[in-house]
Amino acid sequence: MYSFKICVAVLLIMLYSVVQARYVWYGPGNGYVYFVIDTNLAYDDAKLQCGLYEATLAVHAPKDRRIMKILEEHLTVLTEEDYWIGLNDIQREGRFIWEDGTPLTKSQENWYPTEPNNYGRGEDCVGGNHAGSLKWNDYRCSYGKLYALCELAHE
């Protein structure tokens, strides 16, 4: 029984290492490293997938357009696909909060024109590169067609 549990644990560690090696991590010099999970995911699934790498959906890069421009140059998928960032207004409509608990400020906003619009009600989670614009859109959190931009503190 113990040898089976040990084998399962070793397999999980090996799988984690292989999966982690699949992603290219990039550090733009802001104290964090970033990678993109290139699988269509809903918001909560994206958070979960980032968490497997002890990362979160990106907060610090999306707050800073200069850092995002650097990331877009090095992680070109960010210019090709829509992706989740760590921002939502789940708790109160129109009051966007970053996953680190801080409120969105006016200077951080990067909305696509006419966004956020809460189209059809219930668009509470935010994604980047809407319509290939590198701008943000609010989506239904259950919308399972965005990649995940993950962020991990790096010393």
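The values are calculated or read from the model by the stated rules, or taken from the named source; none is laboratory data. Just so it is clear, the structure is predicted and the values come from calculations on it, not from any experiment. Ideal geometry is used to build each Cβ from the backbone, glycine not excepted, and the neighbour counts take in all protein chains shown. When the accessible area is computed, the model is the full protein with side chains, heavy atoms only, and any ligands, DNA or RNA have been set aside. Shrake-Rupley method; radii C 1.70, N 1.55, O 1.52, S 1.80 Å.
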What's the number of the condition residue 77 fails, among (1) at pLDDT 95 or above; (2) farther than 22 Å from residue 155 by Cβ? (1)
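Report, by residue number, each residue of segment 44-75 that is β-branched (Val, Ile, Thr), in contact with a helix residue (DSSP H, G or I) (Cβ under 6 Å, 6 or more places away or on another chain) and farther than 15 Å from residue 87 by Cα.
In the first step, residues of segment 44-75 are kept if they are β-branched (Val, Ile, Thr); the result is 56, 59, 67, 70.
Narrowing further to those that are in contact with a helix residue (DSSP H, G or I) (Cβ under 6 Å, 6 or more places away or on another chain): 56.
Hits for segment 44-75: nothing passes.
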For segment 83-110, which residues satisfy the criterion of being open to solvent by 40 Å² or more (accessible area, probe 1.4 Å), closer than 24 Å to residue 37 by Cβ and charged (D, E, K, R)? 99, 100
I'd like to check something: does segment 58-74 contain any residue that is in contact (Cβ under 8 Å) with a residue 60 or more places away in the chain and open to solvent by 40 Å² or more (accessible area, probe 1.4 Å)? yes
Going through 55, 61 one at a time, which residue ends up being under 16 Å from residue 136 (Cβ atoms), at pLDDT 95 or above and of a type in the set (Gly, Ala, Ser)? 61
Residues in segment 88-106 that are in contact with a Lys or Arg (Cβ under 9 Å, 6 or more places away or on another chain) and of a type outside the set (Phe, Trp, Tyr) total 7
Which of the residues belonging to segment 114-135 are among the aliphatic types (A, V, I, L, M) and within 14 Å of residue 87 (Cα to Cα)? 126
Restricted to segment 21-41, and to residues that are over 19 Å from residue 98 (Cβ atoms) and not in a strand (DSSP E or B), which residue is modelled with the lowest pLDDT? 21
How many residues, within segment 95-140, are in contact (Cβ under 8 Å) with a residue 24 or more places away in the chain and of a type in the set (Gly, Ala, Ser)? 3
